[in-house]
Structure formats: structure tokens, C-alpha cells
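What follows is a short report on a single structure.
The values are calculated or read from the model by the stated rules, or taken from the named source; none is laboratory data. Here the structure is a predicted model, which is why all the values come from computation and not from measurement. As a convention, Cβ positions derive from the backbone with ideal geometry for all residues, glycine included, and neighbour counts pool all protein chains shown. For accessibility, only protein heavy atoms count, side chains too; no ligands or nucleic acids. Shrake-Rupley method; radii C 1.70, N 1.55, O 1.52, S 1.80 Å.
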Amino acid sequence: MCVGELFSSLFCYIKITFPQIFESVVFTSFSVMTNQEQLINDLPTQYDHIAAQERQMKFWEEKGFFHSDVNPNKRPYAVVIPPPNVTGMLHMGHALNDSLQDALVRMKRMQGFETLWVPGVDHAGIATQAIVEKRLLEQEGKTRWDLGREALVQRIWDWKDQYQARILSQLKAMGCSCDWRRLRFTLDDVCAKAVRAFFFKLFADGLIYRGKRLVNWDVKLQTAVSDDEVFHETTAGHFWYLNYPVVNPQEGEPKFVTVATTRPETMLGDVAVAVHPDPAGEFDRIEAALREKIETGSERDRDEAKAELDALMERRSKILPELIKLAEMAKMGRKVILPIQQREIPLIADVWAKPDKGTGCVKITPAHDPNDYEVGLRQKLPMINLLNRDGTYNENAGKYQGMPIKKVRTEILSELENEGVLIKTEDRTIEIATSDRSKTPIEPYLNDQWFVKMDKLAQTAMDAVTSGEVEIKPSRYAKGYLDWLSEKRDWPIGRQLWWGHQIPIWYCPDVEESVLQSAFAGRSDVLWRRNEANDGWLLCSQTENLKEDAVPGCTLKREEDVLDTWFSSALWPHSTLGWPDKTPELEYYYPTSALITSRDIISLWVARMVLAGYFNTGKKPFQQVFIHPKILDKYGEGMSKSKGNGVDPVAVMEKFGADALRFALVYLTTESQDVRLTLDFECPHCGSVIEQTKKNRTQHVIACPKCKKSFSTQWADTPEEKAFPLGPVVGERFEVARNFCNKLWNASRFVMINLDGFTPRSVSADELCVEDRWIISRLTSVAKRVTESLEQYKFSDAARTLYDFAWDEFCSFYVEISKARLYDDKRRELVQNVLLGVLDALLRLLHPITPFVTEEVWRRLADFAPVRGLNEPIQAAESITIAPWPVLDESNIDPEIEKQFSYFQEALRCVRDARARQNVPPRTEVEFVVKCSSEIADLLRPMGEYFKSMAASVVTQMGPDVEPPALSSNATTTAMEIYVDVADLIDISAEIQKKEKEVERLNGFIKSKEAKLSGSFVEKAPAQVVAKERESLDDLRMQRDVNLQTIERLRAAANARK
RNA sequence: GAGCGAUUAGUUCAGUUUGGUUAGAACGCCAGCUCGACAAGCUGGAGGUCAUUGGUUCGAGUCCAAUAUCGCUCACCA
């Protein structure tokens, strides 16, 4: 490199880093050496993650390294981000998800793929509208109806803009290398076009239908939600027994039918009382099943089954005769009277009434219970809907009209009690269906609903996985995916909301079809079909919002509902690339390469993307799906807002740096375990660590038990609370990762400090020393392993491999060992080459996981050595993001050299051990001898000098004929005995004690081996294994003998001393 | 009720696919170190019989079965 080159690279660097002092530097930079010194002075001993992140983020953004365009000369690698909801900020789960994606994407980019990572956010219909409505109510006391559709939607857009900006800045702060120019939002024009095209295509294929269905109704949000958005909560409830009088009871017939219910208020909607058609037979069946369980089940099951059987038999004798009678009456068409309304309803025979449950008879309320709904359909019963959309009772409830559900319940119960209908009340734990979105109870509600027929669509998504077209990793998650799809439940796609894609359906009054034909003559973007009541038309338009008067002579009315959020998310991999247009992007990047997501949306999202992908494009949306772990707290519970155990990734990044956050998360991502994060508070006043407990983690302000001062937490919201300084959340995992980044920084610092005046050159293999060839051999293996691990989504393995290599091998051995030659002018230059070459490759291998620190070092390194490389030195890329991924020649891997080096490591450990045991002061130089075979002595000899710098020890003799010094501290390994001459420093009794312990250990070892070798092991085990065991036994015996001799010698010396 | 996962050092986790020396790391702990990258560091040390029981095998942390505990998912409970 010439001076001019160096100067120009310095020039660039300074310009970027210190624009404010740019001019003065130019005028004072009269000598290259001065600048070298200046650059070194500019390397602090602690890595400054804040400065580095700011600088590199800006650099990447300005240079546009992450932008990707169709490039036929390169192979594409594409990933679409699971779009975060615009409901709030990113949490730890996102941080994990995005760290993993970025690691893959960055590696692929370096590997030379045309790499695209599409960023975006999701409008999250229900969740976002709910949050804005909640605020509206809290802050202005208004409901959405007060505001109106347009104004509310505008408010939600404002919210969306605000949160999208925050989400994007968080992603950038994490270093995510998304193509920001291709940002998509699930509600933007491009996505809207795709949604309409998808809907239109489904409509055209007859896969869209509308029907009255019992839906999960969220009375708070006033919308239907899907089964997947409902969770069940156990609470204390009651079981009420009601007597329904029989109409005209005959002689010997019961006068009442008793039913039990947990929801008495729904009785106004009762349309029948059911009894099993064959109660005796049903009892027999249940009995037989229990008996079988007793026969074959485990001990615990058996006891349970026995108890159940006893209860069943007792019950049978008690109620069977009456049930049989009731079944007969049902078959004769007899009726009972519904109390309160005094309405006659039929007694019916239906298998839904299980004789072993409740009273054996069950009231049927088809409009308010999913099972009763099925019975209603089966028995062709009327369905009486009692509810308004807001959860109050309607006109069918008579005098209860207008009352909310809870009130109706109390009123009805007291009325039933007064009438003598309520004969018994039992306490009972019941499960309440609750809306995941609004956390309010779900009411089964009969409503018009839009559905997508799933049978064929689901089948394509199942086939994709069973055939291996789409791979789900880890493979165990394929089962849940297939099970869910195999139910082929139709997909309810309508939501009674305002925030979302409005369903492109228009209702048209009954007109001649010719009217429609002429109104839309020549149009292929409008379709129509008779509605389900056959008294009008349903129109579907793909491209435009039809006007009210689009059909002459009648008024079109648009469907008000919007589509389920997942309807648009399902299109994400192809809608973001421009479908339905045949864009070059779609052609080139689709199917995408990998999808990285969490397990709780496998069915909601992944399955639907697969079926929508095939349906729309004929192709799968992605090759592979990787399901990553969940983040749990120290108690093993998932993180959630309600528990207060969530952690803000931004806070972690501020304290430890984005790289530390990423490295920690990647390091924890194993295939089988969830990520458990133990976190604690750090007092901002005194720095002491306060354990985070279930109790204090939701507090807004915490008093430090040590210094007694208060600090605020992430939950602080009032100005008084926020006035206290924020106590950061700290975690061991982040600390370890931060320390690692710092270690890397300092190793780099060491290399840079020692590079001045260095000119890289091509180094030939025979110039290299053992340690050089060793580190290059190890580096080559590590590079290979890291590549394989990342490609197989073994994230933890990649991080672990790099951590161990960088810290234990590169820093603890190579850097340390290099010092001796580095401070020797004659040998300096060769080591510089290797140090630089290995660091250069290590930085690139780490870059996908820790992008900022590696880029920071990479660009600084360019000021010291813009040309570098282990084989043929080349000009380094201006950014590590586009530097080539290290692929090293596998012939570098040399097991012989690795073995040779491991002898050195072993000897070094023995020397250090012996010194430490005898408390030899660190800088006191001692001599030692190595008794070993002459082969090993030859192998050790090239590294003999390094004992001095690494253990302040000098080896005086090596070989088989070495005589140990009389007073020595020794250590024995399989291949050598090492005697450190500590002369009068020695503590003989300590040394003897240690040796005796060692002999004891060896004896135990020997004993178990002897036993093994005298048994049938010798005959049955493979000869190779037996030989190896024999060899190892011999070796152990030898070690023991050496130790015994040492003890004797020490005892003799001790006596002589006396 | 069904399925899935986990159980290894004080703590958090590797190791189990393909069985083979008396099981590794990090943090913490103990002892000693400011030696020309790093105290967010260096060196050394102590600490576990791999949840339990049984089986297969010459040999089991690793394979099989059962049990226990924890977690997750789905379904159902008038």
C-alpha cells in the first residue's frame, strides 16, 4: 500500500467520523505516523456501542447496502418479515424473531445471494381498533358510534403512523438489514389490490359464502371473533337445577323434567328439552368403556375409573327408569312448559343429552350455545336470538328487553325461585369463553357471517407439507399444522369493524339478470350471484368501489364488514412482491426462501399463507418455515403485558448494546428449548442488583433496599413517578454477550495497535509456525461449522462455536502466543499477517449476529490495513455487510497440527497448575522439565519459548531420559509428566496431599476398567474398543505409578529437610 | 380428554440424531493476579452420577417402557 492510498482512506474515515473537525485534521495531517498514533488513541479500551450503532446505522442507510433489485446474474434469497402489529412497540419476542432473520439475511447477502428482506407492519384489525377505541373512551368519553366510521378510521391511521414510525426505528436500532425502500403495510394500496384480487378469485370459484352462523360474539367490540381468538378461563360459577312442568302428565309419568344449567338467563331462548333416545344403551356403552380402562389402564387411571364406575352405577339405578320414560314421551311428541314465558316446547330425543351428565336432560338453546345449535339444525328447531349486538336483550326477551346479560340473570333467577322452578343450586367451577382481544366474555351469537370454504384449500396446504414442498422446522411442529388443517373448518372472514379491508361485496335488489349483464357489459372485474335467500343479488367487484347507482333502477348497498386481518396477512409473501401483477420481483424472488416465526401463529398465519399462496400463484410461498422458541421469564412463564414481566428491548439495547441483545438471543435459540431470561433491576443510585419478583415487577416505583433511594420502572406513567431515575433491567445473558462484544473489540484493538508500518503480503505455508497453522486450521473448521449451523437454523450452535473460538482459541491462545514473535522485529511481520487474516475472517463470521461491532472494527481496520487476507491479500470491501462470506480451503484443516498444539496446551496447563498450587508469584520465573516420548518432545520443541511469556516458566529438558528434580511440583497427563522446579518455594505437604488425591482418583478409574476388561466385554465388544480400553488402562496405571514415585520422592525430600 | 416439549453443577443451558474413557460451558462461588488488547479482564480451583423406576445391551445422560413434576397447544365439559 502506498502512502497516498493510506492517506485517502484516512481522509474518508475522518470525514465520516468527525465532520466538525474535518478541516483542522486536513491541515495538520502532515505525517502518516502521526495519524496512526491518532487512530490508536481513538481506540478506547471499552467498546462504545452507542457511538458505533449511530455511526454504522447512518452509514448503512446512506449507502443503501440493504436495497435489493432483480438481478438475473445472482441467485435470489428472499425473506418477508412477520409484520409486527401497529398496536404497540416491539417486545422481546420481536427482538428474537428479527435477530434470527437478520442473522440469516446478512449471511446470505455476504454469500453473494441477491438478498431481499421485505419489511412491513400489520394493521391488526381488531387489536388496533380496540386500543384506539379504548383511548377514545378514556380520554374523551366517546364511543366509535359518536365519532362515525370515517373519523374513527382517521384516528386509527394517526395511531398507525405514530407506531409504525416507532416500530421501524426499533428495527433499525436493532440493525435489521431490511430493504427499507420496499416497506409495506397490510392496508396500503399494493396490499389492498391483492386482497381484492384474492377475494374476487375466491368468489369466482364459489368458495365464498354467507350464512347465519353461531359466532363468537365480542359484545364489547361488537364483532365476531374466530375460535382461535377465544381462550377459556376457569372461574367459580353455579349449576342451577330447573323444573320444567310436563304438559298434561299421564298416570305414572313425571310431572316435571329437571334440567341443569350454568346459564339460566338463556332459558328465554329455549326451544326444546332433550333426553337421550336410548339411555339404557348409552349407560351400557359408558360402563363398558370404563371397564376397559380398569383392565388396561395405568394404576392411577384405574383408581379413577373405578370411582367413576361406582358413581355411574349408582346414578344409573337412580335415574334410568325416569330417563327411559322421558325418552318414550319424547318419541310420542310430548311437550313441556317453559317457565316465565309459559311457552310450550317439545321434549325431544337427541344423543346430545348424555345420561351421565347433569340431570340427564338438557335444555336446548340453539341461538346461544354451539352444541345446542347443532341439535337445533339436526332436529329442525326454531332458533330464538335473545341478544342485541351490544349484549343487551332484545324484543324476544319480553319484559327483559334492553337489560344487559348480568342483570337478566339475577332477575330471572329470582323469578324462577319465586315460581318454585329453581329447586337446587350447586357451586361449580366453569369455563368461560373470553375474547383474547377485549378480555370480555364471549357470547355465542347468531349472526350473518362470511365464510371461505376450506376443504380444497386446506388440502393443498396439507399436501405441501406432507410432500416436503414446504418444510417446517423443527419438524415436530408439522403435526399441529396438519391436525388443524385436517379439520377443514370453514374460515369466518368477516369482522364487524371499521379498521380493515372492507369486503368488496354489494347487495343488489332482485332484478332481472339481464339488467346486471347490461350494466356491467364487457367487464370481467364484476361478478354476481343469487343471494342465499334467493331474493336478490350479491355483486363482487375486484377493481373499483361500485357506486350506489351502478345498476340502473336500483340502489346498491355495500357490505359494511371488513375482512379478518389474517385474510390480508395470508397474502404477505406474494402481495408484498406485487401480486396480482406479474411483476419482475414476483417472478424473481417468489417463492421466498424462509419464513421465521413463532409457534402460536402456525395455524392462523403460516397455514393460511401456504393455502393462499398456492391458490393465488400456483406456488408455495416459501421453501422453509423455521419456528423459533418463545421467550419466558425466570419462572418459565411467557412474557405478557398483563403479567408485567415483559422487557423492552430498547432499554436492553441502551444498556448493553444492540449486538449484545442479538448475540444473547441467538445464543439462547436452541431447537428444543424455550428461551428463559432471568432479569433483575439495577439500582441507578448505588448500582446494586435487586431481584425481580412477581411482586415488584409490576410496580411503577421501587425503593432500593440497599441505599433506600427510589427509582422508576418501565411502568411509571405519572410525572411524579417518572421524576425518579429509571432503574435499568439487567440480565446475566445480556451481560455475557456485552462482555463478548467488548472482548472482540479489544482483540481487534490489539491487532490494530500492532499493525503500524505493516504491509500485507501473500504468505506461503512453509513460513508458518505450528501455532499459525493451528489457528488457521481451527478457523477453517469454525467457518464451516458456523455456515452449516446457520443454514440449518441451529442458531445457538453458531453463536457458541464463534464465542468459544474467539475467546478461548483466538484470544487466550493465539493472541497470547503471538506476542513473543510480535515483539521480535525479525518475526513480527509474519504474525501480523496471520493475526490480521484471522481477525478479518472472524469479524465476517460474527457479522450476521453482531453487526455493529464488526462493522465498526471493519471500517477502522481499513485505516490500518485496507488490503488484507489470509491467502492472497485483497482490498477489503468498504462495508462488512457486503464483504464475502469466509469460505476457507478445507485443506487448512490439519488434525496433526491440532494434536501437536494440544500437547502444548496440555503442557502449559500442567505448568500453570503446578505453579498455582505452590503459590509461586506470577512473575517469578521457574524452570521445569518434561518427561515424555522423544516424538512428543519434538512436537513440543517449536513452542518451547512460549512457556516464558505465557507461564513465566522455562523448559530446560524434554524427552524420555529426563530426571525430575528432587523438589518439584508435578502434573501428569496421558502423554507426559511435567516437573516444575520450585526448589525452596515448595510446600511439600500440599504437594503430597494433591498427589494422594490424584492416586485415589486414578485407582478408582483403574478399578472400573479392570472390572470391565475381565467381564464379557472383551468377547462381545468390538476389538477396536477393547484395544482402546486396554491402552487406556495401561496408561492410567503408568500415571498412578508415576504419582506414587513422586510421593515417595517428596517424602524423602521432606525427611532430608528435617 | 388428546398431543407436544422439558427434567443434566447453586443458576441458565450444551451434550441424546449415530450408545463406547468416571459428563462440558457460562454465570455465581473460592484462591491468586493492575504482566505492553481487555478488571466488561487474566490464571488456577471446588462443585453434578444426568427426575425416578424398570428394561434392552459387554456397555446407557444417550435407545425402549412406565411413573412423577413443570410448561405449552388443541378439544370438551347442559
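Please indicate, with yes or no, whether at least one residue in the stretch A:217-227 is among the aromatic types (Phe, Trp, Tyr) and either away from RNA strand B (no atom under 11 Å from the Cβ) or surrounded by 18 or more Cβ atoms within 10 Å (Cβ to Cβ) (or both).
yes
Can you work out which of the residues in the stretch A:669-678 that are touching a Pro at 6+ places or on another chain (Cβ under 8 Å) and open to solvent by less than 10 Å² (accessible area, probe 1.4 Å) is farthest from RNA strand B (Cβ to nearest atom)?
Here the answer is A:THR669.
Would you confirm whether any residue within the stretch A:989-1000 is away from RNA strand B (no atom under 11 Å from the Cβ), under 25 Å from A:GLU898 (Cβ atoms) and in contact with a strand residue (DSSP E or B) (Cβ under 9 Å, 6 or more places away or on another chain)?
There is no residue in the stretch A:989-1000 that is away from RNA strand B (no atom under 11 Å from the Cβ), under 25 Å from A:GLU898 (Cβ atoms) and in contact with a strand residue (DSSP E or B) (Cβ under 9 Å, 6 or more places away or on another chain).
Look at A:SER902 and say whether it is farther than 21 Å from A:ASP824 by Cα, in a helix (DSSP H, G or I) and of a type in the set (S, T, N, Q).
Yes: the conditions hold for A:SER902.
Can you work out which of the residues in the stretch A:756-773 that are modelled with pLDDT of 90 or more and within 17 Å of A:ASN871 (Cβ to Cβ) is least open to solvent (accessible area, probe 1.4 Å)?
Taking the candidates together, the pick is A:ASP772.
Of all residues in the stretch A:1003-1039, count the ones that are more than 6 Å from RNA strand B (Cβ to nearest atom), touching a helix residue (DSSP H, G or I) at 6+ places or on another chain (Cβ under 8 Å) and of a type in the set (Gly, Ala, Ser).
Residues in the stretch A:1003-1039 being more than 6 Å from RNA strand B (Cβ to nearest atom), touching a helix residue (DSSP H, G or I) at 6+ places or on another chain (Cβ under 8 Å) and of a type in the set (Gly, Ala, Ser): 0 in total.
If we scan the stretch A:572-583, do we find a residue that is among the polar types (S, T, N, Q), in a loop (DSSP other than H, G, I, E, B), over 24 Å from A:ILE81 (Cα atoms) and open to solvent by 20 Å² or more (accessible area, probe 1.4 Å)?
For the stretch A:572-583, residues among the polar types (S, T, N, Q), in a loop (DSSP other than H, G, I, E, B), over 24 Å from A:ILE81 (Cα atoms) and open to solvent by 20 Å² or more (accessible area, probe 1.4 Å): absent.
Only one of A:VAL362, A:VAL351 is open to solvent by 70 Å² or more (accessible area, probe 1.4 Å) and hydrophobic (A, V, I, L, M, F, W, C); which?
A:VAL351
Could you tell me whether A:VAL666 is open to solvent by less than 10 Å² (accessible area, probe 1.4 Å), farther than 30 Å from A:ALA458 by Cβ and within 15 Å of RNA strand B (Cβ to nearest atom)?
yes
Hey, does the stretch A:744-755 have a residue that's under 26 Å from the mean Cα position of the chain (by Cα) and either open to solvent by less than 60 Å² (accessible area, probe 1.4 Å) or of a type in the set (Gly, Ala, Ser) (or both)?
Within the stretch A:744-755, none of the residues are under 26 Å from the mean Cα position of the chain (by Cα) and either open to solvent by less than 60 Å² (accessible area, probe 1.4 Å) or of a type in the set (Gly, Ala, Ser) (or both).
Residues of the stretch A:46-59 being touching a residue at least 12 places away in the same chain (Cβ under 8 Å) and either touching a helix residue (DSSP H, G or I) at 6+ places or on another chain (Cβ under 7 Å) or more than 16 Å from RNA strand B (Cβ to nearest atom) (or both), which ones?
Answer for the stretch A:46-59, where residues must be touching a residue at least 12 places away in the same chain (Cβ under 8 Å) and either touching a helix residue (DSSP H, G or I) at 6+ places or on another chain (Cβ under 7 Å) or more than 16 Å from RNA strand B (Cβ to nearest atom) (or both): A:GLN46, A:TYR47, A:HIS49, A:ALA52, A:GLN53, A:ARG55, A:GLN56, A:MET57, A:PHE59.
Would you check if A:MET639 is open to solvent by 40 Å² or more (accessible area, probe 1.4 Å), within 15 Å of RNA strand B (Cβ to nearest atom), among the aliphatic types (A, V, I, L, M) and closer than 22 Å to A:GLN170 by Cβ?
Spelling it out, A:MET639 is indeed open to solvent by 40 Å² or more (accessible area, probe 1.4 Å), within 15 Å of RNA strand B (Cβ to nearest atom), among the aliphatic types (A, V, I, L, M) and closer than 22 Å to A:GLN170 by Cβ.
Output the residues belonging to the stretch A:717-736 that are part of a strand (DSSP E or B) and either of a type outside the set (A, V, I, L, M, F, W, C) or free of Cβ contacts under 8 Å to residues at least 12 places away in the same chain (or both).
Correct list: A:GLY731 only.
What do you reckon, is A:ASN739 assigned to a helix (DSSP H, G or I) and more than 15 Å from A:LEU836 (Cα to Cα)?
Yes.
Checking A:ALA990 against (1) surrounded by 14 or more Cβ atoms within 10 Å (Cβ to Cβ); (2) in contact (Cβ under 8 Å) with a residue 40 or more places away in the chain: exactly one of these is not met. Which one?
(1)
On the given criteria, is A:THR258 within 11 Å of RNA strand B (Cβ to nearest atom) and farther than 21 Å from A:GLU344 by Cβ?
no
Working only within the stretch A:775-828, note down all residues that are touching a residue at least 40 places away in the same chain (Cβ under 8 Å), within 12 Å of RNA strand B (Cβ to nearest atom) and among the hydroxyl-bearing types (Ser, Thr, Tyr).
If the condition is that a residue be touching a residue at least 40 places away in the same chain (Cβ under 8 Å), within 12 Å of RNA strand B (Cβ to nearest atom) and among the hydroxyl-bearing types (Ser, Thr, Tyr), then A:SER796, A:TYR803, A:TYR814, A:SER818 are the ones that fit.
What is the one condition in (1) touching a strand residue (DSSP E or B) at 6+ places or on another chain (Cβ under 6 Å); (2) of a type in the set (A, V, I, L, M); (3) closer than 20 Å to A:ASN892 by Cα that A:VAL782 does not satisfy?
A:VAL782 satisfies every listed condition except (1).
Taking the residues in the stretch A:306-326 that are under 17 Å from A:GLU282 (Cα atoms) and within 13 Å of RNA strand B (Cβ to nearest atom) as candidates, determine which candidate is most open to solvent (accessible area, probe 1.4 Å).
A:GLU308
Can you work out which of the residues in the stretch A:378-393 that are within 17 Å of A:GLN449 (Cα to Cα) and in contact with a helix residue (DSSP H, G or I) (Cβ under 9 Å, 6 or more places away or on another chain) is surrounded by the most Cβ atoms within 10 Å (Cβ to Cβ)?
Looking at the filtered set, the residue picked out is A:LEU387.
Tell me, please, whether a residue that is among the aliphatic types (A, V, I, L, M), over 37 Å from the mean Cα position of the chain (by Cα) and in a helix (DSSP H, G or I) can be found in the stretch A:846-865.
no
Assuming A:ARG409 fulfils every condition listed in (1) closer than 16 Å to A:LEU242 by Cα; (2) under 43 Å from the mean Cα position of the chain (by Cα) apart from one, which condition is it?
Checking A:ARG409 against (1) closer than 16 Å to A:LEU242 by Cα; (2) under 43 Å from the mean Cα position of the chain (by Cα), the one that fails is (2).
For a quick check of your reading: which helices (runs of 4 or more DSSP H) sit entirely within the stretch A:109-187 and have at least 2 residues that are basic (Lys, Arg) and surrounded by 14 or more Cβ atoms within 10 Å (Cβ to Cβ)?
A:149-173
Which of the residues belonging to the stretch A:912-962 are within 16 Å of RNA strand B (Cβ to nearest atom), among the hydrophobic types (A, V, I, L, M, F, W, C) and not in a strand (DSSP E or B)?
A:ALA914, A:ALA916, A:VAL920, A:ILE936, A:MET943, A:PHE947, A:MET950, A:ALA951, A:ALA952, listed by residue number.
From the list A:ASP549, A:ASP535, A:ASP564, which one is in contact (Cβ under 8 Å) with a residue 12 or more places away in the chain and either over 28 Å from the mean Cα position of the chain (by Cα) or farther than 24 Å from A:LEU482 by Cβ (or both)?
One residue alone meets the criteria, A:ASP535.
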